[in-house]
Amino acid sequence: MGPRSRWRIRMAQGASLAAVVAVWAAVVNARLFPGDIVPSPAAVAGRIVGLALSADFYGHLRVTAAEIAGGLALAAVAGILLGVAIGARPLLRRAYEPWLHYLAPTPKIVFFPVMLMLFGVGAASKVSLATLGAFFPIVLGTISGVREMDPVLVQVGRGFALSPYRMLTMVYVPAIRAALVNAVRLGFGVAVVVVLLAETKLSSAGIGYLIIDAYRHFDMPLLAALVLVLFGLAILANAGLARLARHGAPAVSR
């Protein structure tokens, strides 16, 4: 993609964002909804600036980011190891992949009471819930990537008599790197959702706590500002993971 194409894409994205803000402002000015329910773009922008200047907000952000990152890291390790083990063996794939597909759509938030009983009300219960939520997209994406990879790469690795660890790090992971990154991106989205939901249920810190606290106090500008900031941070994180996927390339080294 050339610079001109990228510039056109950015222009289209900017125009779409401007159109959304214009429609939002028009709805507020037309008083289609009560002003205390749908705040104006200016009011929300002011709250976003306030959040950016608030040290307290960054403390809550660190709590949520740590819970998401911890859960995603554990899910990635477990999902990739198990996904490669299952995907590389047709018998295991036929035996276990259907069950993983059956369990994946289960709403993970229903396990939150179990996590609370096992790990308490602190960060550990949110991390464990994020791990459970992110695990299924990652393991299924890994299995799919292994199934689609060139079998010649596996034969070359076996020809060099590589150990299981070297097969994993020198053959499987480089060959399915793009699939792994996409799977982690899906897992990241699930981890964000379950952590925020858990924080709204029982927590005294985190972005989810701030959102539910703004709702309790009927502070709609702050609520909208938190949601928009969260969207922006999620987009940045996904964009970073997408760059990793674009730079992935199969490779085998001795």
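Just one of the listed residues (157, 187) is under 23 Å from residue 125 (Cα atoms) and in the same structural domain as residue 63 (by TED's automatic domain parsing), and it is 187. Considering (1) within 12 Å of residue 198 (Cβ to Cβ); (2) at pLDDT below 85, the lone condition that residue 161 does not fulfil carries the number (1).
Being in a helix (DSSP H, G or I), in the same structural domain as residue 70 (by TED's automatic domain parsing), under 28 Å from residue 113 (Cα atoms) and not polar (S, T, N, Q): is that true of residue 241 here? Don't jump to the end; show me each part of the working.
Details: in a helix (DSSP H, G or I): yes; in the same structural domain as residue 70 (by TED's automatic domain parsing): yes; under 28 Å from residue 113 (Cα atoms): no; not polar (S, T, N, Q): yes.
So residue 241 does not fit the description; no.
Suppose we keep only residues that are among the basic types (Lys, Arg) and surrounded by fewer than 17 Cβ atoms within 10 Å (Cβ to Cβ) within the range 142-185. Which one would you say is nearest to residue 73 (Cα to Cα)?
Initial filter on the range 142-185 (among the basic types (Lys, Arg)): 147, 158, 166, 177, 185.
Next cut, surrounded by fewer than 17 Cβ atoms within 10 Å (Cβ to Cβ) only: 147, 158, 166.
Numbers: 147: 23, 158: 29, 166: 21 Å.
Per the criteria, the residue is 166.
If the condition is being in contact (Cβ under 8 Å) with a residue 24 or more places away in the chain and surrounded by 12 or more Cβ atoms within 10 Å (Cβ to Cβ), then the range 1-39 contributes 38, 39. Answer yes if at least one residue in the range 135-143 is within 22 Å of the chain's Cα centre (by Cα) and over 24 Å from residue 172 (Cα atoms), and no otherwise. For the range 135-143, residues within 22 Å of the chain's Cα centre (by Cα) and over 24 Å from residue 172 (Cα atoms): absent. Here 15, 30 are screened, and the one residue that is among the hydrophobic types (A, V, I, L, M, F, W, C) and at pLDDT 85 or above is 15.
When we screen 113, 105 for residues that are of a type outside the set (S, T, N, Q), surrounded by fewer than 18 Cβ atoms within 10 Å (Cβ to Cβ) and either touching a Pro at 6+ places or on another chain (Cβ under 8 Å) or outside any helix (DSSP H, G or I) (or both), the only hit is 105. Quick check on the range 67-87. Is at least one of its residues modelled with pLDDT under 90, over 18 Å from the mean Cα position of the chain (by Cα), in a helix (DSSP H, G or I) and not aliphatic (A, V, I, L, M)? There is at least one residue in the range 67-87 that is modelled with pLDDT under 90, over 18 Å from the mean Cα position of the chain (by Cα), in a helix (DSSP H, G or I) and not aliphatic (A, V, I, L, M).
Tallying residues that are within 18 Å of residue 224 (Cα to Cα) and of a type in the set (S, T, N, Q) within the range 2-41 yields 2. Does any residue of the range 16-24 turn out to be under 26 Å from the mean Cα position of the chain (by Cα) and over 30 Å from residue 217 (Cα atoms)? Yes; the residues of the range 16-24 include at least one that is under 26 Å from the mean Cα position of the chain (by Cα) and over 30 Å from residue 217 (Cα atoms).
Among the residues of the range 79-99, what is the count of those that are closer than 18 Å to residue 182 by Cα and either buried (at least 16 other Cβ atoms within 10 Å of the Cβ) or not assigned by TED's automatic domain parsing to the domain that holds residue 181 (or both)? Count: 6. Every listed requirement among (1) at pLDDT below 90; (2) among the β-branched types (Val, Ile, Thr); (3) over 30 Å from residue 91 (Cβ atoms) is met by residue 171 save one, (3).
Do we find a residue being assigned to a helix (DSSP H, G or I), surrounded by fewer than 23 Cβ atoms within 10 Å (Cβ to Cβ) and of a type in the set (Val, Ile, Thr) anywhere in the range 117-140? Looking for residues that are assigned to a helix (DSSP H, G or I), surrounded by fewer than 23 Cβ atoms within 10 Å (Cβ to Cβ) and of a type in the set (Val, Ile, Thr), one finds none in the range 117-140, hence no. One residue alone among 198, 191, 214 is surrounded by fewer than 20 Cβ atoms within 10 Å (Cβ to Cβ) and either out of contact with any Asp or Glu (no Cβ under 9 Å at 6 or more places or on another chain) or outside any loop (DSSP other than H, G, I, E, B) (or both), and that residue is 214. Any chance the range 127-139 includes a residue that's β-branched (Val, Ile, Thr) and within 23 Å of residue 60 (Cα to Cα)? Checked the range 127-139: at least one residue is β-branched (Val, Ile, Thr) and within 23 Å of residue 60 (Cα to Cα).
The values are calculated or read from the model by the stated rules, or taken from the named source; none is laboratory data. These figures come from a predicted structure and were not determined experimentally. Neighbour counts are summed over all protein chains in view; Cβ atoms, including those assigned to glycine, are modelled from backbone coordinates with ideal geometry.
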